[in-house]
1. Note the direction-averaged projected area, equal to a quarter of the hull surface, for the Cα convex hull of region 102-272, in nm².
2. What value does region 68-178 have for Rg/Rh, both radii from Cα atoms and Rh as Kirkwood defines it?
3. Counting only the backbone N, which residues of region 108-130 are under 20 Å from the spot 7 Å out from the Cα of Thr334 toward its beta-carbon?
4. Taking the dipole about the Cα centre of the chain, with the C-beta of Lys and Arg at +1 and of Asp and Glu at -1, give me whichever of Thr173, Asn422, Gly282 is farthest to the positive side.
5. With both partners inside the chain, how many of the DSSP beta bridges are antiparallel, as a percent to the nearest 5?
6. Which distance in Å, rounded to a whole number, links the C-alpha centroids of region 169-232 and region 421-437?
7. For Ser279 and Ser396 in one chain, what is 0.36 nm times their gap in residues minus the Cα-Cα distance, to one decimal in nm?
8. By how many nm would the segment from Lys269 to Ala242 lengthen if fully extended, with 0.36 nm per residue of separation less the alpha-carbon distance?
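All of the numbers you see were taken from the coordinates with simple rules; none came from a lab. Note that the coordinates shown come from a computational prediction; the quantities given were computed from them, not determined experimentally. No Cβ is skipped: glycine too gets one built from the backbone with ideal geometry, and neighbour counts run over all protein chains shown.
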Amino acid sequence: MNMLTRRSGQDSRRHDCLLLSVAIIAIANHFSVAFAESPAPPQPRGHLEVLPIAGYEHGGAEISAFHAPSKHLLTVNGQKKGIDVLDLSNPASPKYLTTSLLEDLGSPTSVAVSSDMIAVAVMNADKTKKGHVVFLGPDGQRLKTLEVGYEPDMLTFAPNGKLLLVANEAEPTDDYTVDPRGSISIIDVSGPVESLNPSRITNAGFEKFDSQKNQLDPSIRIFGQNASVSQDLEPEYIAISADSKTAWVTCQENNAFAILDLEKKVVTKLVGCGFKDHSLTGNGLDVSDKDNTINIRSWPVKGIYQPDGIAAFEVSGNTYLVTANEGDHRSYETFNEMRRVSELKLDPNAFPNAEELQKDENLGRLQVTTVNGDQNRDGLFEELYCFGGRSFSIWSNEGKLVYDSGDQFERYLADQYPKFFNSDHEKADFEGRSKHKGCEPETVAVGRIANRVYAFVVLERMGGIMVYDVTAPSAPVFENYVTTRDFQNNAGDNGPEGVMFLSAEKSPTGRPMLIVSYEISGTTRYYDLQPRADVVLNE
């Protein structure tokens, strides 16, 4: 017993000495300590299998919607400036039917379906003119056209089928001489298509926030040239609550949510998304395309979440939001906010090791904003802010962060695809996107299967689908990853732009399905969703 006690005491003293040594090294070299290595790559649980059924080559494919009564798939074809209509009654053998051409109105950007109603958002070729919503029949025939706001980018029906919401992004012209006001068009579609007219449209804008510019959450980015709040906000994507009473709209460049009261048809609140601290372990990222290695680690950088796609889901009576944190920057003829870290002057007090940081193999190549980081506007940057979160997040219905996937996407992809890590979507170039937004989560769909809730996040640059079980919103489980991209031959499905979940009740197979639209390859791909044979999905 005494021998054991003495040996234990010796071990304890050695341990204390070791800790003291580590502490001394940390004090002497605090910069190195800030770069703690990320955790091990996440391993997919694999309870839900995502199995490719078939696909179709459109030439251009951006967003899709499924009309269950006719079993027709409608896909935005950017090349044809129309809507492709496919018979998907047998997903293993899709049949092309027709294309509804919309070039006379502009370029279609989104399509949505509710019951027997089909709506398409069409952006005017002239940004200074308003866009339209076109209502189609299941065979692509035009039924009704309504004028909405500037640059309609996305549209979706409320779950009750009585409202159609359109996100009017309203970007400025390239010379920034005209900057239309962003808005959300709320269309009462409770009657038949023939009864729709302009009186059914309410355009919810942001004018009431113009006088509150200095009182907004500081993480909300209002920075357009001479722009008011209502001009600067650019609605991107919409999610709607199950009771059809509330909507949440991402304003991507602004790093914000807008919350809408759909009963009063007004924007009630703007919520900033905050920033992601990449100096924390678990929030690492690979920042250089010139170091010839995968180096996911902590850096003294903050990420601007800037979510693109958003979806809403309910758990235990509470509504949550899930976002794909793609990131985006503004680049126009007269204004470009993006610079490489090597091009900036760093404050020597904040970055005493600036010369080392700004090397190409470190932070030098990383693309950051010039809008944030120079608080006192003396030309020296005290902080660095990069675009996007390289992750997906879950938020409360008030816009408070509940969960973020940190660096899980990059760590998994580095482990599974080391030769093609952070490739661009047009070519398999190792680390091509490390300096700018990484794998680039584009959008997300949420679906319920056997009392479990799943989030399907598509990665625009790497081309795959991340699947998470989000039934416990504060502790999601990495479920699966699937890709149909052929890196070796630069082929297969690449550049996903839209993702859609079909419940078993609406699916042509009678089983849950996932439909993904790939912009770069111009294809749509259909996936069967089913539990692994030895797994029973339950509460």
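1. Details: hull surface 38.4 nm².
Seen from a random direction, the Cα hull of region 102-272 projects 9.6 nm² on average.
2. That ratio equals 1.01.
3. 126-129
4. So the residue furthest toward the plus end is Gly282.
5. Of the beta bridges lying entirely in the chain, close to 95 percent run antiparallel.
6. Value for the Cα centre distance between the two parts: 34 Å.
7. The span from Ser279 to Ser396 would gain 39.7 nm if fully extended.
8. So the chain would gain 7.8 nm between Lys269 and Ala242.
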